[in-house]
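The values are calculated or read from the model by the stated rules, or taken from the named source; none is laboratory data. Everything numeric here is computed off the predicted structure, so don't read it as measured data. Every residue, glycine among them, receives a Cβ derived from its backbone with ideal geometry; neighbour counts consider all protein chains shown.
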Amino acid sequence: MTVLAVRGVHTFYGNIEALKGVDLEVAAGEIVTLIGANGAGKSTLLMTICGQPAATRGQIVFDGDDITRQPTHEIVARGIAQSPEGRRIFPRMSVLENLMMGATTAPSQHFADDLDRVFTLFPILKERRQQRGGTLSGGEQQMLAIGRALMSRPRLLLLDEPSLGLAPMVVKQIFQTIREINRMEGVTIFLVEQNAYHALRLAHRGYVLVNGRVTMTGGGRDLLANAEIRAAYLEGGH
Amino acid sequence: MGWRGGGGACGGGPAGGGMRLRRVGSRNKRVDQRNLEYFLQQLINGLTLGGIYGLIAIGYTMVYGIIGMINFAHGEIYMIGAFIALIAFLVLGLVGVTWVPLALLIVLVVAMVLTAFYGWVLERVAYRPLRGAPRLSALISAIGMSIFLQNYVQLAQGARVKPLAPVIPGGFSLLEVDGFIVQLSYLQVIIIVLTTALMAGFSLIINRTSLGRAQRACAQDMKMASLIGIDVDRTISTTFVIGAALAAVAGMMVTLYYGVIDFYIGFLAGIKAFTAAVLGGIGSLPGAMLGGVLIGLIEVFWSAYFTIEYKDVAAFSILVLVLIFRPTGLLGRPEVEKV
Ligand SMILES: Nc1ncnc2c1ncn2[C@@H]1O[C@H](COP(=O)(O)OP(=O)(O)OP(=O)(O)O)[C@@H](O)[C@H]1O
Ligand SMILES: [Mg+2]
């Protein structure tokens, strides 16, 4: 069953066309990754799914409903959560408050359970729960961004470069956790990464975005084996 | 001025208080300004005025906190609040509601609700269409709204000052020394209690409720706030509405306190409350309250010990000094913390 369908989406920033007709689909329970170079439009696609900015042309369908022109807070309330580029932790709120903010659209009776769940995934957040978000380390902020997204009990989780700027050990841990979230909780995941190696190993399927267009798609392992992809995204280590 | 006469340095308005003292001084022997009683009286007057400034300052600081812009029409919102209160008092008088507590309550509610509506419209008309436009556009639009509202009230209500007969006369005489009576008027008690209660309640809202959390989230990162499902437009509207309602209370208090208002009062009060917000640290809620009280105290003490003619200069010198030496204000956060 298709959870998310992006059909012929064009997105503009003023006169700049960042997405030039993107098509892709994500099915329930999948981990799908989108890889691409700097400026390809990956973050733009995630933001467009959330209506910030809304697509100029094309259609975005979530759970069978057209959400293309809906306001962001309504899209999010349908069950889409994003851990955005740059993490965007609320710097002057505590870790706990950041997690509470994540639960804005979730029914309040689940709050305690959900909090436990996030603290189990990321024990460090429990230790740091009174600390201000802005003073966390990069890795901790990344965990908080993912935890905050999970607090809304999403059916579709959008992750924008969760490995960016993190030590290899932490990257491994984050990817491990993403797999757990997908397996244990059944959350569908759409993952944007430049770290193509890890992302393609983790994902069931992948798309390659070049200059605002999807140029290739296939199973994660198949893409990983593809010579073109190796040359473009994997040479020089992972 | 001084129509309430007698009583020497009795409650009265803070400006009136200072002015009347000078008269007393010139008529009789000079009041010894080093007296503790004199000081006490000024403290009471200053706190009263400071509470009023603080209420207005909250509106400036909240709007700045959330959209990063100074709402230059906020002083006019306060002025409109004062007019609505005045009209409500007169109407209640006409229909024969004479029991003061009831009249006060009705006027308070009416002024808050109607003024809040003005605040809501202001945001809709002057700010929302310009969201994302260059800041200068919104600034000009706000100044335009300010001029428009002033002229609108001038046309609708006339340019002459509007008097209101004292609604709550009397007060406590706290102590008397050598014919100098330290007075705490009932009105001052009401003003201080009400502003304190509103500020406390308001701090509670900001710190403890989901509305407050939504506001803080918008203030810290508007885009992220929308991504977690907060209706940003509604939150901004609510901010304007709450700020206007608090300004309305200030307007009502001033109407009662001074007994006269005109269409131009929003300008000075607005700049002083803005000064208060900057002094406390613009964007900081406790800062706005603290700044309001300080500006009120500075103004009253300046009038009492130096020259009343320069009391506005005193307040604005503070603004300039703060902007030069401590642009983040007393409780503001340094700008570098943008994560
Ligand atoms: N707010 C904006 N205003 C104007 N142009 C923008 C804006 N945001 C992104 N762009 C442009 O859109 C294009 C796509 O940017 P986007 O951030 O989506 O790339 P990306 O694939 O996420 O890159 P990276 O891997 O570096 O994060 C880029 O050319 C970028 O310069
Ligand atoms: Mg990006």
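Of all residues in the range B:218-236, exactly one satisfies the criterion of being within 7 Å of chain A (Cβ to nearest Cβ) and either within 26 Å of the chain's Cα centre (by Cα) or touching a residue at least 60 places away in the same chain (Cβ under 8 Å) (or both), namely B:Q220.
Among the residues of the range B:117-146, which ones are of a type in the set (K, R) and touching an Asp or Glu at 6+ places or on another chain (Cβ under 9 Å)?
We begin by selecting, within the range B:117-146, every residue of a type in the set (K, R); these are B:124, B:128, B:131, B:135.
Selection gives B:R128, B:R131.
Check whether at least one residue in the range B:177-193 is assigned to a helix (DSSP H, G or I) and within 27 Å of B:G68 (Cβ to Cβ), and report yes or no. Looking for residues that are assigned to a helix (DSSP H, G or I) and within 27 Å of B:G68 (Cβ to Cβ), one finds none in the range B:177-193, hence no. The sole residue among A:M101, A:M93, A:M47 that is closer than 27 Å to A:S163 by Cα, of a type in the set (A, V, I, L, M, F, W, C), within 16 Å of ligand 2 (Cβ to nearest atom) and surrounded by 19 or more Cβ atoms within 10 Å (Cβ to Cβ) is A:M47.
Residues of the range A:40-53 that are away from chain B (no Cβ under 12 Å) and aliphatic (A, V, I, L, M): A:A40, A:L45. Per the listing A:G165, A:G133, A:G147, A:G220, the residue uniquely more than 15 Å from the chain's Cα centre (by Cα), away from ligand 2 (no atom under 16 Å from the Cβ) and closer than 28 Å to B:Q220 by Cβ is A:G133. Within the option set B:I206, B:I271, being within 14 Å of another protein chain (Cβ to nearest Cβ) and not small (G, A, S) holds for one residue only, B:I206.
Evaluate the following for B:S303: is it under 16 Å from B:G270 (Cα atoms), among the polar types (S, T, N, Q) and at pLDDT 85 or above? Spelling it out, it is not the case that B:S303 is under 16 Å from B:G270 (Cα atoms), among the polar types (S, T, N, Q) and at pLDDT 85 or above. When A:Q82 is tested against (1) more than 12 Å from every other protein chain (Cβ to nearest Cβ); (2) assigned to a strand (DSSP E or B); (3) within 16 Å of ligand 1 (Cβ to nearest atom), just one condition goes unmet, and that condition is (1).
Do we find that A:T44 is farther than 23 Å from A:F175 by Cβ, under 14 Å from the mean Cα position of the chain (by Cα) and within 16 Å of ligand 1 (Cβ to nearest atom) in this structure? When the stated conditions are applied, A:T44 passes them.
Just one of A:T56, A:T72, A:T33 is more than 16 Å from ligand 2 (Cβ to nearest atom) and in contact with a Phe, Trp or Tyr (Cβ under 8 Å, 6 or more places away or on another chain); which is it? So that I can check it myself, show each step before the final result.
Working: A:T72 fails: in contact with a Phe, Trp or Tyr (Cβ under 8 Å, 6 or more places away or on another chain); A:T33 fails: more than 16 Å from ligand 2 (Cβ to nearest atom).
Answer to the check: A:T56.
For A:E140, indicate whether it is of a type in the set (D, E), farther than 21 Å from A:L115 by Cβ and buried (at least 21 other Cβ atoms within 10 Å of the Cβ). Show your work before the answer.
Details: of a type in the set (D, E): yes; farther than 21 Å from A:L115 by Cβ: no; buried (at least 21 other Cβ atoms within 10 Å of the Cβ): yes.
No.
In the range B:158-168, is there at least one residue being surrounded by 15 or more Cβ atoms within 10 Å (Cβ to Cβ) and part of a helix (DSSP H, G or I)? Looking through the range B:158-168, none of the residues is surrounded by 15 or more Cβ atoms within 10 Å (Cβ to Cβ) and part of a helix (DSSP H, G or I). Here A:N38 meets each of (1) within 16 Å of ligand 2 (Cβ to nearest atom); (2) under 16 Å from the mean Cα position of the chain (by Cα); (3) over 17 Å from A:V3 (Cα atoms); (4) not aliphatic (A, V, I, L, M) with one exception, condition (2).
Residues in the range A:52-64 include none that are among the β-branched types (V, I, T), at pLDDT 95 or above and within 12 Å of ligand 1 (Cβ to nearest atom).
Is at least one residue of the range B:301-323 in a loop (DSSP other than H, G, I, E, B) and either in contact (Cβ under 8 Å) with a residue 60 or more places away in the chain or touching a Ser or Thr at 6+ places or on another chain (Cβ under 7 Å) (or both)?
So far as the range B:301-323 goes, no, none of its residues is in a loop (DSSP other than H, G, I, E, B) and either in contact (Cβ under 8 Å) with a residue 60 or more places away in the chain or touching a Ser or Thr at 6+ places or on another chain (Cβ under 7 Å) (or both).
Looking at the range A:204-214, can you tell me whether even one residue there is without any contact (Cβ under 8 Å) to a residue 60 or more places away in the chain and either out of contact with any Lys or Arg (no Cβ under 7 Å at 6 or more places or on another chain) or buried (at least 21 other Cβ atoms within 10 Å of the Cβ) (or both)? There is no residue in the range A:204-214 that is without any contact (Cβ under 8 Å) to a residue 60 or more places away in the chain and either out of contact with any Lys or Arg (no Cβ under 7 Å at 6 or more places or on another chain) or buried (at least 21 other Cβ atoms within 10 Å of the Cβ) (or both).
At least 1 residues that are within 14 Å of chain B (Cβ to nearest Cβ), of a type in the set (K, R) and in contact (Cβ under 8 Å) with a residue 60 or more places away in the chain in each: list the helices (runs of 4 or more DSSP H) lying fully within the range A:100-189 that qualify.
Working: elements: A:111-121, A:123-127, A:138-150, A:168-185.
It comes to A:138-150.
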